[in-house]
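Reading through the structure tokens given below for one structure.
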């Protein structure tokens, strides 16, 4: 069983049974990874598939559509990372009004038991699910005793005395503390995707960019020193803008990476942009010459920061 599924309704997905972990998994930080790896290990021990269940959009996004919370990771990267962690199948269940109305009890019976033949289900600390957040570890354990499965809750994961959470990582990213955010994530914070065509304004200003769409509310906004992965064997130094581009009246968040001393066509390529340091907030300039002058200053500062980081790494 290796698939991506989106619905509670449908046929049986795991006739031989499964081990399931449930969560939002935004960012897939060290706490999430501990949950997923535990579920995968239990699935291997039982000889059944490991399934990760999440929701798309995130429930908090659905209930706060006018002011959605910042998102760390897009769905495509979440699925790829879960699979890389050993998950056999991923359920990104459509979270809409119908899903929001499903009781926790019905979710357990229809999704976990009927479709997935769950033998064990694992959740993170204080995780709730179902209509009015009526499902928790106590309900899972009670229903498991009745329906023949085991339910468990992993312990909170801490690093240097601090509990790891997506909320804390978002706070660190906003504050520009990428080193601490990377510690909690277990890897540098990066955003990946396929390069799309933009308005090509940067090219006319002498700063061609590789553009990635981010159709959610991002946790970041501003100008950054960055590394671009996926173009060459080694990460490539760059300066990136992430936001809505107020000077040119942008709307949807766009990540624009200018690769230093690079000439080539990256359209359609999958790249990752790793964030190293924030240079400044987005700013609306009076005209394009003023914007161009600031872009030169940003590029100079980003080169310096990245050169310093590279020197420290090789020292």
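Only the coordinates and a few stated rules stand behind these numbers; no lab work does. Computed from a prediction, not measured in an experiment: that's the story for all the values here. With ideal geometry, Cβ positions are generated from the backbone for all residues, glycine too; neighbour counts draw on all protein chains shown.
Would you calculate a helix-derived [θ] at 222 nm for the chain, using -39,500 (n - 2.57) for each DSSP H run of n ≥ 4 and dividing by the full residue count, to the nearest 500?
Helices in the chain give a 222 nm mean residue ellipticity of -9500 deg cm²/dmol.
For segment 47-172, give the share of DSSP beta bridges that are antiparallel, in percent and rounded to the nearest 5; count only bridges with both residues there.
25
Roughly how tilted is helix 75-84, in degrees to the nearest 10 and between 0 and 90, from the longest Cα axis of the chain?
Approximately 70 degrees, to the nearest ten.
What's the Kirkwood radius of segment 4-159 in Å, using all Cα pairs?
About 15.5 Å, per the Kirkwood formula over Cα pairs.
Which of 311, 220, 139, 46 has the fewest other C-beta atoms within 10 Å, and how do the rest follow up to the most?
311, 46, 139, 220
Note the per residue figure in Å³ for the convex hull of the C-alpha positions in the chain. Each step should come with its number before you reach the end.
Details: hull volume 47.1 nm³, N = 315.
That works out to 150 Å³ per residue.
Tell me, what is the percent relative contact order of segment 188-314, built from C-alpha pairs under 8 Å that lie six or more residues apart?
It rounds to 31 percent for segment 188-314.
Can you sort 149, 260 by how many other beta carbons sit within 10 Å, fewest first?
Result, fewest neighbours first: 260, 149.
Tell me, how many Å apart are the Cα centres for segment 287-306 and for segment 117-185?
Using only Cα atoms to place each centre, the spacing works out to 41 Å.
What is the Rg over Rh value, at two decimals, for segment 188-314, using alpha-carbon atoms and the Kirkwood definition of Rh?
Details: Rg = 13.6 Å, Rh = 14.6 Å.
Result for segment 188-314 is an Rg/Rh of 0.93.
How many percent of DSSP beta bridges within the chain run antiparallel, rounded to 5?
60
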